[in-house]
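I have placed the structure first, in the form of structure tokens, so that the comments after it can refer back to it.
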Amino acid sequence: MKISDYIAQYESKHDEGARIAARLLDIGQDRRASAILSCGTYTRGTECPECGAFHVYSTSLCRDRLCPVCAWKSSRRLFYRAVAAIQTLELEYSHQYLHCVLTLQHSKGDCLRDHLNVLTRAYGRFRRFSAMKSVDGSLRSIEITHGEHGFHPHIHAILTVPRAAAHITEDAVRDAWRRALDSEYSPQVNLAEAYSDDAADDVFSAVAEACKYALKPGMLPELDDADLREFIDAVRGVRMVSSDGAVKRYLQVAAMQPPQKSGECPECGAHRWQRHVALIYDYETGSLNEGAPL
């Protein structure tokens, strides 16, 4: 990512954060609104003189789970680690990657917190069923959307399975998920291959679906006060993203990789002096500008 791309992304997320902060002020959450408005306003990084890539190594984050800046940064970090983990699995084993969407029945007026509890517990049961034993690792996130039927939480998951596991079909997944939900309702399930020899890049878009920030901050300004309060209360303490099995092990390995040597670009590996850059947010102009590094 170039510096200009980073600035454009940050300013877009900061504008989104400002809209969320305005709604938080409406319901009396002033301190939380202030934290989101000040998130990421000072960033330090290096720019590679060879490829122009910008690498952030320090930034002022508020770590509020409603903050779009924090959500953007955490989802990017998870994405790169997940891609590294899956690439390692591909080198060491013959795996296929399935993108799975799991839903549950919902209607307007349902309790969002109850649905989130149902999803997380059902996914644990789903992974333990004998029909899913050949799935040796997964990465899942809960995504929440909102429409005319109220909140709609659902799961995006990447399942890693040996290529010989032909029994992992959409019908098998749907049956296992119905049993996990302990419901007579036949849930909507979508299962698609996320990697193939003909379209190797498919895995990246599928991983992005499972890694993207699950809380959909962009929808928050559109909620009325009652729905906004329910959303905030419902997601408190809920683990929105998790992994298991081989994927979890390789994610941990990716997270523990040593930092790049000083003067080495993580993107292209160039051994040239990296230019240190500081980006400072100007509240008057609403822009992120380059300043002197501290």
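Within segment 10-36, the set of residues being of a type in the set (A, V, I, L, M, F, W, C) and closer than 19 Å to Ser60 by Cα comprises Ala18, Ile20, Ala21, Ala33, Ala35, Ile36.
This table checks each residue for (1) within 19 Å of Tyr283 (Cα to Cα); (2) surrounded by 19 or more Cβ atoms within 10 Å (Cβ to Cβ); (3) at pLDDT 95 or above; (4) among the aliphatic types (A, V, I, L, M).
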| site | (1), (2), (3), (4) |
| --- | --- |
| Met1 | no, no, no, yes |
| Glu11 | yes, no, no, no |
| Ala21 | yes, yes, yes, yes |
| His55 | no, no, no, no |
| Ala71 | no, yes, no, yes |
| Ser74 | no, no, no, no |
| Ala82 | no, yes, no, yes |
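The set of residues in segment 97-113 being out of contact with any Phe, Trp or Tyr (no Cβ under 6 Å at 6 or more places or on another chain), open to solvent by less than 60 Å² (accessible area, probe 1.4 Å) and within 21 Å of Ser242 (Cα to Cα) consists of Leu98, His99, Cys100, Val101, Thr103, Leu104.
Which one is farthest from Thr43 (Cα to Cα), of the residues in segment 219-278 that are surrounded by 15 or more Cβ atoms within 10 Å (Cβ to Cβ), at pLDDT 85 or above and over 23 Å from the mean Cα position of the chain (by Cα)? Going through the qualifying residues, I end up with Val277. Of all residues in segment 162-177, those satisfying the criterion of being in contact with a strand residue (DSSP E or B) (Cβ under 7 Å, 6 or more places away or on another chain) and assigned to a helix (DSSP H, G or I) are Glu170, Val173, Arg174, Trp177. For Leu116, the stated conditions do not hold, so it cannot be described as within 19 Å of Val247 (Cβ to Cβ) and surrounded by 19 or more Cβ atoms within 10 Å (Cβ to Cβ).
Let's see how each residue does on (1) assigned to a strand (DSSP E or B); (2) over 16 Å from Leu116 (Cβ atoms); (3) modelled with pLDDT of 85 or more; (4) hydrophobic (A, V, I, L, M, F, W, C):
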{"position": "Thr160", "(1), (2), (3), (4)": "yes, yes, yes, no"}
{"position": "Arg179", "(1), (2), (3), (4)": "no, yes, yes, no"}
{"position": "Val203", "(1), (2), (3), (4)": "no, yes, no, yes"}
{"position": "Glu209", "(1), (2), (3), (4)": "no, yes, no, no"}
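Being open to solvent by 60 Å² or more (accessible area, probe 1.4 Å) and not in a helix (DSSP H, G or I) is the filter; apply it to segment 119-151 and report the residue that is nearest to Arg179 (Cα to Cα). Step by step, filter segment 119-151, then rank; the result is Lys133.
The values are calculated or read from the model by the stated rules, or taken from the named source; none is laboratory data. Treat the numbers as computed from the prediction; the structure is a model and nothing was measured. Don't worry about glycine lacking a Cβ; one is built from the backbone with ideal geometry, like all the others, and counts go over all protein chains shown. In case anyone asks, the SASA skips ligands and DNA or RNA and just uses the protein heavy atoms, side chains included. Shrake-Rupley method; radii C 1.70, N 1.55, O 1.52, S 1.80 Å.
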